[in-house]
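Reading through the structure tokens given below for one structure.
The numbers here are math on the coordinates, done by the rules we state, and not lab data. Not measured: the values here are computed from a predicted model. Heads up, the Cβs are rebuilt from the backbone with ideal geometry, glycines too, and the neighbour counts pull from every protein chain shown.
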Amino acid sequence: MEQTFVMIKPDGVQRGLTGEIISRIERKGLRIVAMRMCQVTDETARRHYAEHVEKPFFNSLIEFITSSPAVPMIVEGAGAVSVMRTIAGATDPKESLVGTIRGDFGLDVGRNLIHSADSLESAKREIAIHFTEDEAVLYERAEERWVYE
Ligand code: DAT
Ligand code: MG
């Protein structure tokens, strides 16, 4: 089973979409194995978005992501990394397909509701930034034998 890192961003929480977003992940059949609500610190945000440090939007991105509570989580399932990227939608919500989280709820690239790791390598790196190993719970969802053949 693959694990990915997902985070409902401050706009998702402030707009009351936490439940809606969690629902979409659950209904897909994916398993949430760690989750909390917290205000991301400046240090954690800078580590998380280190690859974007030279980008013109870096400072506003850090300011936004630390501005209000977020909901980081570890999501597990078959192909979890790419499946979650598909559920999240394209980076710019103006271009994300309807049916995706960003496509259904967003309009601005700086307010795109959800983060989802872009590769298995990024997922591992980001999980280690946001969670300790003992925070992930080991369990199976009762419906999994109806989700997987
Ligand atoms: P993604 O979140 O789809 O992986 P990314 O890694 O390229 O996208 O960028 C990280 C975040 O930075 C993205 O979710 C929103 C913000 N961002 C990206 N491109 C931007 C831009 N051109 N202007 C403002 N914010 C941007
Ligand atoms: Mg990214």
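Okay, residues lined up against (1) crowded, with 22+ Cβ neighbours inside 10 Å; (2) in contact with a strand residue (DSSP E or B) (Cβ under 9 Å, 6 or more places away or on another chain):
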position: P56; (1), (2): no, no
position: A80; (1), (2): yes, yes
position: R85; (1), (2): no, yes
position: K94; (1), (2): no, yes
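Scanning the stretch 93-136 for residues that are within 13 Å of ligand 1 (Cβ to nearest atom) and either at positive phi or hydroxyl-bearing (S, T, Y) (or both) turns up S96, T100, L113, S116, S119, S122. Within the stretch 1-52, the set of residues being surrounded by 12 or more Cβ atoms within 10 Å (Cβ to Cβ), outside any helix (DSSP H, G or I) and β-branched (V, I, T) comprises T4, V6, I8, I32, V33, V40. For R24, the conditions (1) touching a helix residue (DSSP H, G or I) at 6+ places or on another chain (Cβ under 7 Å); (2) within 16 Å of ligand 1 (Cβ to nearest atom); (3) among the basic types (K, R) all hold with the exception of (2).
Considering only the stretch 21-54, state which residues are out of contact with any strand residue (DSSP E or B) (no Cβ under 8 Å at 6 or more places or on another chain), under 30 Å from R145 (Cβ atoms) and touching a residue at least 12 places away in the same chain (Cβ under 8 Å). Within the stretch 21-54, R24 is the sole residue that qualifies.
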